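K.L.:
Before anything else, here's the structure in question.
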Amino acid sequence: MQIDTPHRNTLLDSFGRQVNYIRLSITDRCDFRCQYCMSENMTFLPRDEVLSLEECARIVKIFVSMGVTKVRITGGEPLVRKNALWLFKEIGNLEGLNELVTTTNGSQLEHQAESLKAAGVKRINISLDSLNHERFKKITRVGDLNKVLRGITAAKAAGFKNIKINTVLMHGINEDETLDLLNFAISQNIDIAYIEEMPLGVVDHERQASYVSNVSTLNLIQKHYSLFQSTENSGGPAKYWRVSNTETKIGFISPHSHNFCESCNRIRISCKGELFLCLGQNDMVELMPLLRAYPRDDEPLIHAILESMKVKPKGHDFDLSRPSQSVVRFMSYTGG
């Protein structure tokens, strides 16, 4: 059914924040096994428990009709999903959608960057936590750094602007590459974001011991570079600084040292169709049963989405001092 215009711009939560950004995971599968993201021996969802690409497209169209202007396609690794490019094409030019973006580990970009650009993807974030081949293999468990580097080259050649690498710094693991990764970004004329590790799932290192504050990261960088704070905003939680005399800006995503929940404008949808109102909470609404029970009627889905805004929490509840976390799902499950 056609969604009436009165539904537009109605995604306000109980704290007056407008939700205009969704992050949709299209698969829990990945060709890497990054330490902070998933278990080494993952059990993935059966195919029939994962949203079809047609269902993904339908969800996006509904949200865009309700005022969402930015969509990020995530995983797992979204580009390992068979026929994922069909979905990017389907939603890439939706009326009312300002930005279709994606986050990837870069392993598939060498062969898919041009197609993503043609499909309407505006920006790409690429996870990269080390420039050392052995260390990269250890962090990702199975990843090939050369593939990712070729993927970055391919994305630049395809004409993508504002390419950004996402780096999770971990004490005793890769913190000593803080400046090397920034130097790489500067040499490539791309951006970099440092992300404080989020306590999701059970991992094989002690998060309190491996935690690196973005405050200390910024202090380190300022000893080597002239930075000036930027008011630029990519629509997400990052706070940006510009590196003087370069094309590079540095983003800091700091769920621990600088809680950014007061301006939260986003929700996440898992590949099972679970609408998570907050990455750090368990509150969610199941959309898949409604998608399948009402294949030609969007009203039940619209109603469920509007009702979900009433339970979107004020903020996440990350606390590294607790012996266990209340959120046990892996980052790969919810979508990065």
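Read-outs: derived from the displayed coordinates by stated rules, not from any lab. Only a predicted model underlies this, so the values are computations on that prediction, with no experimental measurement involved. With ideal geometry, Cβ positions are generated from the backbone for all residues, glycine too; neighbour counts draw on all protein chains shown.
K.L.:
If I fit a long axis through the Cα atoms of helix 178-188 and take the longest principal axis of the Cα atoms of the chain, what angle between them do I get, 0 to 90°, rounded to 10?
P.N.:
70
K.L.:
Mind checking the angle between helix 109-119 and the chain's longest principal axis? C-alpha axes, 0 to 90 degrees, to the nearest 10.
P.N.:
For 109-119 against the chain, the angle is about 40 degrees.
K.L.:
Which order do the peptides 143-150, 286-293 come out in when sorted by mean C-beta neighbours inside 10 angstrom, highest first? Each step should come with its number before you reach the end.
P.N.:
On the way: 143-150: 18.1, 286-293: 16.4.
Ranking, from highest mean packing down: 143-150, 286-293.
K.L.:
With viscosity set to 1.567 mPa s at 4 °C, what whole-number translational diffusion coefficient in µm²/s follows for the stretch 251-315 from Stokes-Einstein and a Kirkwood radius over Cα pairs? Before the final figure, lay out each step's value.
P.N.:
On the way: Rh = 13.1 Å.
Value of D from the Cα-based Kirkwood radius: 99 µm²/s.
K.L.:
Starting from the 7 Å offset along Cα-to-Cβ, what nm value, one decimal, do you get for the label separation of Asp283 and Thr43?
P.N.:
Using points 7 Å along Cα→Cβ, the separation is 3.0 nm.
K.L.:
Apply the Karplus curve 6.51 cos²θ - 1.76 cosθ + 1.60, θ = phi - 60°, to the phi angles in the stretch 122-131 and return the couplings in whole Hz, x for Gly and Pro.
P.N.:
8, 9, 10, 9, 10, 6, 8, 10, 6, 9
K.L.:
With viscosity set to 0.692 mPa s and temperature to 37 °C, compute the Stokes-Einstein D of the stretch 128-193, Rh being the Kirkwood radius across alpha carbon pairs; µm²/s, no decimals.
P.N.:
Calculated translational D: 267 µm²/s.
K.L.:
Over the Cα atoms, compute the radius of gyration (one decimal) and Dmax (the largest Cα-Cα distance, rounded to a whole number) for the chain, in Å.
P.N.:
Expressed in Å, the Cα Rg and Dmax of the chain come to 19.2, 59.
K.L.:
Follow-up question, since we're still on this one. Past 26 Å, Cα to Cα, is the threshold; run Lys89/Lys138; Lys117/Lys312; Lys61/Lys272 against it and keep the listed order. Kindly include the intermediate steps, with their values, before the conclusion.
P.N.:
On the way: Lys89/Lys138 35 Å; Lys117/Lys312 33 Å; Lys61/Lys272 17 Å.
In this structure, Lys89/Lys138; Lys117/Lys312 exceed 26 Å between Cα atoms.
K.L.:
Using the beta-carbon distance between His224 and Arg296 and R0 = 45 Å, what value does 1/(1 + (r/R0)^6) give for FRET efficiency, to the nearest 0.05? Display every interim value, and only then the final one.
P.N.:
Details: r = 59 Å, r/R0 = 1.31.
It comes out at approximately 0.15.
K.L.:
Read phi for every residue in the stretch 14-24 and hand back ³J(HN,Hα) as whole Hz from Karplus 6.51 cos²θ - 1.76 cosθ + 1.60, θ = phi - 60°, with x for Gly and Pro.
P.N.:
For the stretch 14-24, the Karplus-derived couplings read 6, 9, x, 8, 8, 8, 10, 9, 10, 10, 10 Hz, x marking Gly and Pro.
K.L.:
Moving on. For the stretch 232-238, what does the Karplus curve 6.51 cos²θ - 1.76 cosθ + 1.60, with θ = phi - 60°, yield as ³J(HN,Hα) per residue in whole Hz, taken in order and with x for Gly and Pro?
P.N.:
In residue order, the calculated couplings are 4, 9, 8, x, x, x, 5 Hz.
K.L.:
To make sure I understand, if each residue's beta carbon is the centre and we count other beta carbons within 10 Å, what order do Thr246, Thr104 fall in, fewest to most? Could the numbers behind the result be given before it?
P.N.:
Numbers: Thr246 15, Thr104 27.
Final ranking by Cβ density, sparse to dense: Thr246, Thr104.
K.L.:
Going by C-beta contacts inside 10 Å, put Phe88, Phe228 in order with the fewest on the left. Working shown, then result.
P.N.:
On the way: Phe88 24, Phe228 8.
Fewest-to-most ranking of Phe88, Phe228: Phe228, Phe88.
K.L.:
List the Cys residues of the chain that have no partner Cys with a C-beta closer than 4.7 Å.
P.N.:
Lacking a cysteine Cβ partner under 4.7 Å: Cys30, Cys56, Cys261, Cys264, Cys271, Cys278.
K.L.:
To continue, here is another question. For the chain, what does -39500 (n - 2.57) per DSSP helix run (n ≥ 4), summed and divided by total residues, give at 222 nm, in deg cm²/dmol to the nearest 500?
P.N.:
On the way: 11 runs with 98 residues, N = 336.
Mean residue ellipticity, 222 nm, calculated: -8000 deg cm²/dmol.
K.L.:
Using only Cα positions of the stretch 93-168, each an equal point scatterer, no hydration layer, compute I(q)/I(0) via Debye at q = 0.18, 0.19, 0.20 Å⁻¹ and quote the log10 values to two decimals.
P.N.:
-0.68, -0.74, -0.80
K.L.:
Per the Cauchy relation, a quarter of the hull surface: what is the mean projected area of the convex hull of the alpha carbons in the stretch 1-132, in nm²? Please report the intermediate quantities before stating the final value.
P.N.:
Details: hull surface 40.7 nm².
Hull-based average projected area comes out at 10.2 nm².
K.L.:
Next question. What translational diffusion coefficient, in µm²/s and rounded to a whole number, does the Stokes-Einstein relation yield for the stretch 111-233 at 37 °C and a viscosity of 0.692 mPa s, taking the hydrodynamic radius as the Kirkwood radius over Cα pairs? Display every interim value, and only then the final one.
P.N.:
On the way: Rh = 15.8 Å.
Here the translational diffusion coefficient equals 208 µm²/s.
K.L.:
Taking R0 as 51 Å, what FRET efficiency do you get between Asn183 and Asn83 from their Cβ-Cβ distance, rounded to the nearest 0.05?
P.N.:
The value I calculate is 0.85.
K.L.:
Right, here's the next one. What residues have an amide H closer than 5 Å to that of Ser127, excluding those fewer than 5 places away on the same chain, when H is modeled at 1.01 Å from N in the peptide plane?
P.N.:
Long-range HN contacts for Ser127: Thr104, Asn105, Gly106, Asn166.
K.L.:
How about Lys147: which aspartates and glutamates have a C-alpha closer than 18 Å to its C-alpha, ignoring those fewer than 8 places off in the same chain?
P.N.:
Straight-line reach from Lys147, under 18 Å: Asp31, Glu77, Glu110, Glu114, Asp129, Glu134.
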